[in-house]
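Working notes for the structure below.
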Amino acid sequence: MQVQMKYGKKGLPLDFPDDWDVTVMKKKGMPVLHPPEEEVRLAFSRPIGSGTLAEEAKGSNTACILICDITRPVPNGVLLSALIKELHAAGINPEKITVLVATGLHRPNQGQELLELIGDRWILDTVKVFNHFARNDDDHVHLGTTTRGTPVKVDRRFVDADLRIAVGLVEPHFVAGYSGGRKVIAPGICHYDTITAFHTARFFEDPRADNCILKGNPLHEDQLEIVDMVQGSFAINCVIDEKHRLCFVNFGEVRASHEDAVRFVRKYVEIPVSRKFNTVITSAAGYPLDKTYYQTIKGIVGAKDVLAQGGNLFIVSECSEGMGSPDFIAAQKRLIRLGMDGFMEDILEKRYADVDEWNTELQLKTMRIGNVHLFSEGLSEADMSLTGVHNVGSLQHLHEAIHESIAAFDDKSMAVIPEGPYDIPVYRPVEES
């Protein structure tokens, strides 16, 4: 049996013996929108919880559009071109339209990468496009404090615009439940202080801060409070399939639009599983998410629900850009120096997290369950030593390690998740009668 894993841009085929009991966990096929440009325009006239886009844009002089950074494969070329043309038709001069890349604390997207992100040269030539920089104090407006004590500072270019629209991709998120909607605003265009305040262990160690959970999720609730403080924001939320084709799109008030998109995507990406496995193989969803080990951790966390205690989790991720930010590397070095318990002791009482240490924290959720093994062709030996997981040095060694796991447990059953963090196995044991 062969399974094609998402890995880089080309994928990675893995072969398993025919007598193994291989459970492949992937979403069922989603309907693809044809033609996508027309479906986007129709969404503008069928709003969720608001007026039509034309109605909401009427009388506005300026508009600010938020988009995700390069780590999310949003079909911006289709969405933004239709949106900008609609806003122009509604009376907003393109010179008064700003597209703001919601980088959070990620690096900016510039040059050829920015063009890849935007998806259409016409957009770059027509409107102003900027990256958000969370450390620029003067770029942000202080709006208050959430009930959990998070200081709320949001990019003033969005706050001050007459019309505010976030463009989100709705998919499972390993802490916030689902991405998209409110997440493009918070943390997307929030200040350093805001982001590091709600990326602490007091949020992330909450059992409700997990994939596909919104009700009672402390991070989600803080994000909604921040959205309410901004007031009057709208969203275009979309869903794509494993080939990055547009399968769903809507427009409306940011909360309502997000809830509507989550309702659609839940039935595809949440995969109920009645048992756990000693051997699990997953991915980091391929390009662009698997460009760094930092993002790879989403795949490690996404599979934890079906990993048996003491089992082996194998993840394939190209990591073509290496580990990630210097801040993340520093956090990984602390993990190696302090060990799992020492690292957690170091972060538990922090009011503000160190940048990017949260992904180091999250990888420990799976490491407490079982052994994590990584196959990557993009990490150097020095990088691999900082991951804190077992290095699978080659494709041959990966196959050998999987066979060793099957033999060690004397169990030929295994779970395979080709698209890693975008297909979430949800453990639901069969109740005994």
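Just so you know, all these numbers are worked out from the coordinates, no wet-lab data involved. These numbers come from a predicted model, not from an experiment. A quick note on method: Cβ atoms are made from the backbone with ideal geometry, for glycine too, and the neighbour counts reach across all protein chains shown.
Near residue 273, the amide H atoms lying under 5 Å from its own belong to 426, 427, 428; only residues 5 or more places off or on other chains count, and H is placed 1.01 Å from N.
When only alpha carbons are used to place a centre, the stretch 391-428 and the stretch 248-267 end up 33 Å from one another. Could you give the length gained on full extension between residue 385 and residue 321, defined as 0.36 nm per residue of separation minus the Cα-Cα distance, in nm? Going from the current span to full extension adds 21.4 nm. How large is the Rg to Rh ratio of the stretch 238-331 when both quantities use alpha carbon positions and Rh follows Kirkwood? Ratio value, two decimals: 1.04.
Taking packing as the residue-averaged number of other Cβ atoms within 10 angstrom, the listed peptides 284-291, 304-311 run from highest to lowest as 284-291, 304-311.
The listed peptides 125-135, 18-28, ordered by packing as a protection proxy, come out as 125-135, 18-28 (highest mean of other Cβ atoms within 10 Å first).
For the stretch 336-422, taking the reciprocal of the average inverse distance between every pair of different Cα atoms yields a Kirkwood hydrodynamic radius of 15.3 Å. Gain on full extension, evaluated as 0.36 nm per residue between residue 411 and residue 395 minus their Cα-Cα distance, stands at 3.6 nm. Of the residues 231, 396, 223, the one that moves most in a GNM of the chain with alpha-carbon contacts below 10 Å is 396. Site pair residue 138 and residue 156 shows an inter-label distance of 0.9 nm when each label is modelled 7 Å from Cα along Cα→Cβ.
The simple spin-label model puts a point 7 Å past each Cα toward its Cβ; for residue 15 and residue 85 those points are separated by 4.9 nm. For the chain, a Gaussian network of Cα nodes joined below 10 Å ranks 421, 13, 73 by mean-square fluctuation, and the top entry is 13. Each other residue within a Cβ distance under 10 Å of residue 320 adds +1 if Lys or Arg and -1 if Asp or Glu, for a net charge of -2. In units of the compact-protein estimate 2.2 N^0.38 Å, the chain shows a Cα radius of gyration of 0.97. Label zone (residue 263, point 7 Å along Cα-to-C-beta; backbone nitrogen cut-off 20 Å) within the stretch 149-169: 168-169. Other residues lying with their Cβ under 13 Å from the Cβ of residue 142 contribute a combined charge of -3, Lys and Arg counting +1, Asp and Glu -1.
Kirkwood radius for the stretch 1-98, taken over all pairs of different Cα atoms as the inverse mean of 1/r, rounds to 17.3 Å.
Alpha carbon centre of the stretch 19-86 versus the stretch 329-362: separation in Å? So the separation of the two Cα centres works out to 36 Å. Farthest towards the positive end of the charge dipole of the chain, among the residues 24, 103, 92, is the Cα of 92, using unit charges on the Cβ of Lys, Arg, Asp and Glu. Expressed as a fraction of 2.2 N^0.38 Å, the C-alpha radius of gyration for the stretch 36-268 is 0.94. Each principal axis of the Cα atoms in the stretch 283-339 has its own extent, and those three values, largest first, are 33, 32, 13 angstrom. Which of these, 148, 266, 182, has the largest mean-square fluctuation under a Gaussian network model of the chain (Cα springs below 10 Å)? Judging by the Gaussian network model, the answer is 148.
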